[in-house]
Amino acid sequence: MGKKNKVFIATSIDGYIADKNGAIDWLHSIPNPDNADMGYGEFMSGVDALVMGRTTFDTVCGFDMDWPYEKPVFVLSNSMSQVPDKYRNKAEIVKGSPNEILEKIHNKGYNRLYIDGGKTIQGFLKEDLIDEITITIIPYVLGGGIPLFTALPERLEFECIDTKIYLEKVVQHRFTRKR
Ligand SMILES: NC(=O)c1ccc[n+]([C@@H]2O[C@H](COP(=O)([O-])OP(=O)(O)OC[C@H]3O[C@@H](n4cnc5c(N)ncnc54)[C@H](OP(=O)(O)O)[C@@H]3O)[C@@H](O)[C@H]2O)c1
């Protein structure tokens with residue numbers, strides 16, 4: 001199966017993925033009585049594994065619920081050498097440049113990857129390693145926080161292949177890299 005690196009992420013109107021305090025409560029503030037998954041299940045069914053930054057891993061570990069992923073999770077970290085014991089059969093640490101990280105994960109047989117976490121996505125974008133970005137825009141202007149994007153050495157052209165509106169309030173765009 002072809003190698004692909006995909007992003008599926010929610011941002012504020014002004015492009016933040018967490019607020020100034022690192023909080024993400026605003027992501028779930030739109031009433032969602034039928035628990036619409038906004039394409040998440042379909043997206044997840046199309047990936048083999050997740051690659052996430054250590055900060056995002058910490059956030060997920062802090063959720064008051066069971067481990068949410070059925071697929072292998074690779075956690076990028078220079079500060080951690082192993083994940084805590086209770087996550088050993090669920091997640092493992094990988095480090096290196098984005099290309100080295102990809103080589104290690106591809107060698108394990110996982111090719112279609114969900115890339116998650118601000119710094120992690122930015123690192124992959126700097127090497128032009130992101131093939132698809134789905135952004136769900138939550139209607140807040142936060143005025144600061146953890147950004148999805150930062151400066152890049154050169155511009156990257158994407159094309160919009162789909163737009164959906166969920167809950168009559170949330171816009172979701174799907175972009176693929178134009179190569
Ligand atoms: N809105 C959303 O949909 C959404 C989605 C995901 C996350 N979030 C939120 O976004 C925030 C996290 O984003 P973030 O920008 O702080 O970063 P992140 O990418 O989750 O984590 C950054 C950390 O990942 C590690 N890392 C990244 N690239 C690496 C590499 N090539 N090699 C080794 N380690 C690497 C480093 O860990 P060490 O410091 O351990 O070395 C770095 O400090 C959290 O608040 C999370 O809740 C929101």
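Structure above, values below:
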quantity: Criterion: more than 10 Å from the ligand (Cβ to nearest atom) and under 15 Å from the mean Cα position of the chain (by Cα) - qualifying residue of 90, 71, 104, 86; calculated: 71
quantity: Matching residues in the stretch 78-115 - criterion: being under 14 Å from residue 50 (Cα atoms) and among the small types (Gly, Ala, Ser); calculated: 91, 109
quantity: Inter-residue pairs, beta-carbon under 9 Å, first closer than 16 Å to residue 128 by Cβ and in the stretch 84-104, second of a type in the set (Asp, Glu), 6+ apart; calculated: 97/127; 98/127; 99/127
quantity: Enumeration of residues in the stretch 42-61 that are outside any strand (DSSP E or B) and closer than 25 Å to residue 23 by Cβ; calculated: 43, 44, 54, 55, 56, 57, 58, 59, 60, 61
quantity: Qualifying residue in the stretch 139-150 (condition: at pLDDT 95 or above, within 16 Å of the ligand (Cβ to nearest atom) and of a type in the set (Ser, Thr, Tyr)); calculated: yes
quantity: Verdict on residue 45 being of a type outside the set (Asp, Glu) and more than 15 Å from the ligand (Cβ to nearest atom); calculated: yes
quantity: Any pair with Cβ under 9 angstrom, 6 or more apart, that starts in the stretch 8-23 at a residue that is touching a residue at least 24 places away in the same chain (Cβ under 8 Å) and open to solvent by 30 Å² or more (accessible area, probe 1.4 Å) and ends at one that is among the small types (Gly, Ala, Ser) and near the ligand (Cβ under 6 Å from one of its atoms); calculated: 16/118
quantity: Condition check for residue 119: within 22 Å of residue 19 (Cα to Cα) and within 15 Å of the ligand (Cβ to nearest atom); calculated: yes
quantity: Strands (runs of 3 or more DSSP E) wholly inside the stretch 62-168 containing at least 1 residues that are within 19 Å of residue 41 (Cα to Cα) and open to solvent by less than 80 Å² (accessible area, probe 1.4 Å); calculated: 73-76, 112-116, 132-138, 158-166
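The values are calculated or read from the model by the stated rules, or taken from the named source; none is laboratory data. These figures come from a predicted structure and were not determined experimentally. All Cβ positions, even for glycine, are placed from backbone atoms using ideal geometry, and neighbour counts span all protein chains on display. With ligands, DNA and RNA removed, areas are computed over all heavy atoms of the protein, side chains included. Shrake-Rupley method; radii C 1.70, N 1.55, O 1.52, S 1.80 Å.
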